[in-house]
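S.K.: Take this structure, written in structure tokens, and hold onto it; I'll ask about it next.
The values are calculated or read from the model by the stated rules, or taken from the named source; none is laboratory data. Quick caveat: nothing in here was measured; it's all calculated off a predicted structure. Here the Cβ positions follow ideal geometry from the backbone for every residue, glycine too, while neighbour counts run over all protein chains shown. Note: areas computed on protein heavy atoms with side chains; ligands, DNA, RNA excluded. Shrake-Rupley method; radii C 1.70, N 1.55, O 1.52, S 1.80 Å.
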Amino acid sequence: MHTSEFQLDDSIVYLNHAAVSPWPRRTAEAVRAFAEENRAWGSRRYPEWVKTETRLRQQLQTLINARSPDEIALLKNTSEALSVVAYGLPWQAGDKVVISNQEFPSNRIVWESLAKYGVVTDAADLSTGDSPEAALIACLDDHTRLLSVSSVQYGTGLRLDLDVLGSACRERGILFCVDAIQTLGAVTFDVQSCQADFVMADGHKWMTGPEGIALFYCRSENLDRLDLKQYGWHMIEDPTDYSRTTWEVAHSARRFECGSPNMTGIHALHASLELLLEVGMATIQQQVLENTRFMLDFFKQYPDRFALLTPQEVGRHAGIVTFRPLQGTPESLHGMLTAANVACALRGGGIRFSPHFYTPRKKLCKALEMLVR
Ligand SMILES: Cc1ncc(COP(=O)(O)O)c(C=O)c1O
């Protein structure tokens, strides 16, 4: 049924959703139809496009359980959304931001760039302490203004307990920012239970959409805390009343979208999320976690040949499994896999496999068997 939506070339084993996902059939069709419509009619049906944009905000609201679509902005990518937060907050010299020592560069560089304002970025070593959360919480002090973490680490695949971190932040009056790109579309996410203030994720990984169209969630209480750095026609109230000379910043998160939206990306991501929400995130999560368990169990049979970099405990991983060969280098093994048309990535000091819910077990086995042949 829904697995037939993914029509990859038969020769490829695609285990790289943590990098860039293939599109479902309906997404490719939506983009094709949008291109054809633009060719034949230009923007004649623009009001219909805006309806798709509105539906996309609602889909994203559902995906993360936001209270309102007014808390959702459609930005370019995760890095842009992180920058909106980092450069929107008022900082004072001596303020501290806590991150982890496993973050993807997007969630490190932007905070480190605030050093020019005297802001200190402290990277907690997640391997110390009783738990990764304890390691992060131990870094929170009176100077800490914000904690920013990836919900699932891009290299090791470690999944953090966001509810624990969110509570710790709330108790201390610290803002909580979550890069959810390795989570949304793979496993469930609830912005209410984790109490995140800001959440961001581009569409091209587990959400199976294109690059360049991203969710930015800003809790409504925080909208006015972010100073705006970009201005234009689209981020005000009544944006299509072009002749007005007075203006007011949009009350919703649309205030972060300065100009014309990425309508092609909007149509594509809308189609991808339609599919994911039809299948249901509970089902997708179950299948993603079954794949992960299958891979972890496979590697456990070969303790002399592979070291697992992904934690094995239930709740500690999502869709990523990263491993290191104990003989030979990850680079040479990755080269062999790539030559055999297995799409995977070199990350975190090992090889990262990231199948999605629809990945046929047969394909997964094929890749795993190559490793022990
Ligand atoms: C944790 C994490 N954050 C962010 C990104 C990408 O950021 P952007 O959407 O800005 O390209 C990646 C991509 O690999 C990632 O793994």
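S.K.: Just the number please: accessible area per residue for segment 168-232, 1.4 Å probe, all protein chains included, in Å².
M.R.: Values: 1990 Å² over 65 residues.
That works out to 31 Å² per residue.
S.K.: Can you give me the distance in nm between label points at VAL249 and PHE294, each placed 7 Å from the Cα along the Cα-to-Cβ direction?
M.R.: 4.9 nm
S.K.: If you add up the charges near VAL372, with Lys and Arg at +1 and Asp and Glu at -1, over every other residue whose beta carbon is less than 14 angstrom from its beta carbon, what do you get?
M.R.: Value of the local net charge: +1.
S.K.: So how far apart, in nm, are the two label points at GLU278 and GLN7 if each is 7 Å from Cα heading toward Cβ?
M.R.: The modelled label-to-label distance comes out at 1.4 nm.
S.K.: Go through LYS205/LYS300; LYS76/LYS96; LYS51/LYS96 and tell me which ones have a Cα-Cα distance over 32 Å in this structure. Let's see the in-between values first.
M.R.: Numbers: LYS205/LYS300 27 Å; LYS76/LYS96 27 Å; LYS51/LYS96 41 Å.
Going by Cα-Cα distance, LYS51/LYS96 fall outside the 32 Å limit.
S.K.: I want to verify a result. In a Gaussian network model of the chain, Cα cutoff 10 Å, which of these has the top mean-square fluctuation: LEU89, LEU215, LEU15?
M.R.: Taking springs between Cα atoms under 10 Å, the residue moving most is LEU89.
S.K.: Right, another one. For segment 29-71, list residues with backbone N below 11 Å from a point placed 7 Å from the Cα of SER220 toward its Cβ?
M.R.: 67-71
S.K.: Suppose all protein chains stay in the model; what accessible area per residue would a 1.4 Å probe give for segment 269-373, in Å²?
M.R.: Numbers: 4500 Å² over 105 residues.
Computed with neighbouring chains in place, this is 43 Å² per residue.
S.K.: At 222 nm, what helix-only mean residue ellipticity would the chain give, in deg cm²/dmol to the nearest 500, using -39500 (n - 2.57) for each DSSP H run of four or more?
M.R.: On the way: 11 runs with 133 residues, N = 373.
That comes out to -11000 deg cm²/dmol.
S.K.: Okay, next question. I'd like the distance between the alpha-carbon centres of segment 152-178 and segment 197-235, rounded to an integer number of Å.
M.R.: That distance is 18 Å.
S.K.: With r defined as the distance between the Cβ atoms of ARG67 and THR329 and R0 fixed at 30 Å, what FRET efficiency is calculated, to the nearest 0.05? Kindly include the intermediate steps, with their values, before the conclusion.
M.R.: Numbers: r = 49 Å, r/R0 = 1.62.
That pair, ARG67 with THR329, gives E of 0.05.
S.K.: Nearest-5 percent of antiparallel DSSP beta bridges in the chain?
M.R.: Working: 21 of 40 bridges.
Antiparallel bridges: around 50 percent, rounded to the nearest 5.
S.K.: So, with a 1.4 angstrom probe, what is the percent of accessible area on the chain that is carbon and sulfur? Mind dumping the intermediate values first?
M.R.: Working: 8150 of 15980 Å².
So the carbon and sulfur contribution to the accessible surface is 51 percent.
S.K.: Next question. Under 18 Å from a label point 7 Å along Cα→Cβ of TYR242: give me every residue in segment 38-74 with its amide N that close.
M.R.: Only 42-50 pass the distance filter.
S.K.: Find how much the distance from TYR231 to THR338 grows on full extension, using 0.36 nm per residue of separation minus their present alpha carbon separation; answer in nm with one decimal.
M.R.: On the way: separation 107, 0.36 × 107 = 38.52 nm, distance 4.43 nm.
Using 0.36 nm per residue and subtracting the Cα-Cα distance, I get 34.1 nm.
S.K.: Let me ask another. At R0 = 41 Å, how high is the FRET efficiency between ALA134 and SER260 if r is their beta carbon distance? Nearest 0.05 is fine. Present the calculation step by step, with values, prior to reporting the outcome.
M.R.: Working: r = 46 Å, r/R0 = 1.11.
Efficiency, from the Cβ-Cβ distance: 0.35.
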